[in-house]
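The values are calculated or read from the model by the stated rules, or taken from the named source; none is laboratory data. Quick caveat, the model's predicted, so the values are computed rather than measured. Positions of Cβ are generated from backbone atoms using ideal geometry, with glycine treated the same way; all protein chains shown enter the neighbour counts.
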Amino acid sequence: MRSTLRESWIKEAKKKRYTVYFLLGIENNLEELVIQEAAEHEDIILTDIQERYENLHLKTFVSLLWKDKYCPQTTWLLKLDVDTEVFVENLNRLLNLKAGMDNAIFGHLVEDPVIDRTSDKKWFISIEAYSYKHFPNYVSGGAYLMSSDVPRKLIAAHMLCTFPYITVEDVYFTGILAEAVKVRRVHITEAYLFRRELPLSYDFPYFCSRRYRALQYHNISVPKAQSTQTSLLSFSGIYKVLADAIC
């Protein structure tokens with residue numbers, strides 16, 4: 001999939017001088033291939049977190065640390081799921097509209113979210129873990145845009161260890177922590193365009209211009225990319241800090 005993305009919206013994003021990284025965890029028997037791929041493309045951050053869905057919140061925290069430590073000068077941080085592509089021209093328009101804004105997370109805002117107490121469900125949260133009836137409003141995790149000052153605020157809030165620790169990534173970072181440090185969450189109308197099937201060869205601007213004003217589309221079905229060759233950026237030290245910080 002990464003090969004496909006590099007040849008589609010990422011290629012367009014680089015022309016506009018955006019920097020895009022894939023943040024990966026450890027997968028059995030694939031580390032050497034990923035290291036080769038990273039060496040070739042210089043767009044992979046490889047952590048020593050196990051690559052599985054339950055660890056997504058850990059990877060998100062690493063991305064905040066990475067931005068704060070290595071890219072403090074950047075104006076925005078856009079976090080995406082790997083199955084999400086960006087309409088680059090629409091992103092440009094959004095950033096121009098929001099230029100100068102701070103203390104904000106933009107995306108699809110989920111309001112008054114009810115907590116799932118069904119134990120066999122994917123996003124089950126026990127009363128012991130979180131006793132309130134609703135989560136704070138949060139921004140859906142498929143794609144959200146943070147102003148440059150937000151990552152450090154969320155990191156600081158997490159390190160205080162005084163808030164309920166929820167492993168549902170978007171709820172925890174853009175809901176619980178953002179609410180605690182008074183970061184605004186701003187809804188973007190039509191932030192998502194849901195399309196299950198898209199051809200690999202398409203006129204990219206067509207999908208993001210006149211008919212749709214969405215920032216990105218989600219749940220794209222693409223063939224599995226061939227194994228490619230891959231800058232190992234080891235996060236062992238930072239991950240140790242992260243692991244020690246979990247309350």
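Data for the structure
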{"read-out": "Every residue from segment 112-134 that is assigned to a loop (DSSP other than H, G, I, E, B) and touching a strand residue (DSSP E or B) at 6+ places or on another chain (Cβ under 8 Å)", "value": "Asp112, Pro113, Ile115, Lys133"}
{"read-out": "Cβ pairs under 6 Å, 6+ apart, first in segment 138-160 and at positive phi and surrounded by fewer than 18 Cβ atoms within 10 Å (Cβ to Cβ), second at pLDDT 95 or above and not in a strand (DSSP E or B)", "value": "none"}
{"read-out": "Of all residues making up segment 148-174, the number that are at pLDDT 90 or above and among the aromatic types (Phe, Trp, Tyr)", "value": "2"}
{"read-out": "Boolean, Ala191 is of a type in the set (Gly, Ala, Ser) and at pLDDT 90 or above", "value": "no"}
{"read-out": "Members of segment 53-75 that are closer than 21 Å to Val171 by Cβ and of a type in the set (Val, Ile, Thr)", "value": "Thr60, Val62"}
{"read-out": "Residues that are among the polar types (S, T, N, Q), at pLDDT 90 or above and in contact with a Leu (Cβ under 7 Å, 6 or more places away or on another chain), drawn from segment 90-144", "value": "Asn137"}
{"read-out": "Complete set of residues in segment 80-101 that are assigned to a strand (DSSP E or B) and either over 19 Å from Val139 (Cα atoms) or touching an Asp or Glu at 6+ places or on another chain (Cβ under 9 Å) (or both)", "value": "Val86"}
{"read-out": "So Lys79, is it under 27 Å from Ile176 (Cβ atoms), basic (Lys, Arg) and surrounded by 15 or more Cβ atoms within 10 Å (Cβ to Cβ)", "value": "yes"}
{"read-out": "Residue satisfying all of: in segment 14-63; assigned to a strand (DSSP E or B) and of a type outside the set (A, V, I, L, M); nearest to Phe87 (Cα to Cα) among these", "value": "Phe22"}
{"read-out": "Residue within segment 11-21 that is more than 21 Å from Leu77 (Cα to Cα) and over 15 Å from the mean Cα position of the chain (by Cα) present", "value": "no"}
{"read-out": "Of all residues in segment 95-124 being of a type in the set (Val, Ile, Thr) and under 17 Å from the mean Cα position of the chain (by Cα), the one that is farthest from Pro151 (Cα to Cα)", "value": "Val110"}
{"read-out": "Filtered residues of segment 45-73 (kept if surrounded by fewer than 13 Cβ atoms within 10 Å (Cβ to Cβ) and under 17 Å from Thr19 (Cβ atoms))", "value": "Lys69, Tyr70, Pro72, Gln73"}
{"read-out": "When residues of segment 4-42 are limited to those that are of a type in the set (S, T, N, Q) and surrounded by 15 or more Cβ atoms within 10 Å (Cβ to Cβ), the one farthest from Leu58 (Cα to Cα)", "value": "Ser8"}
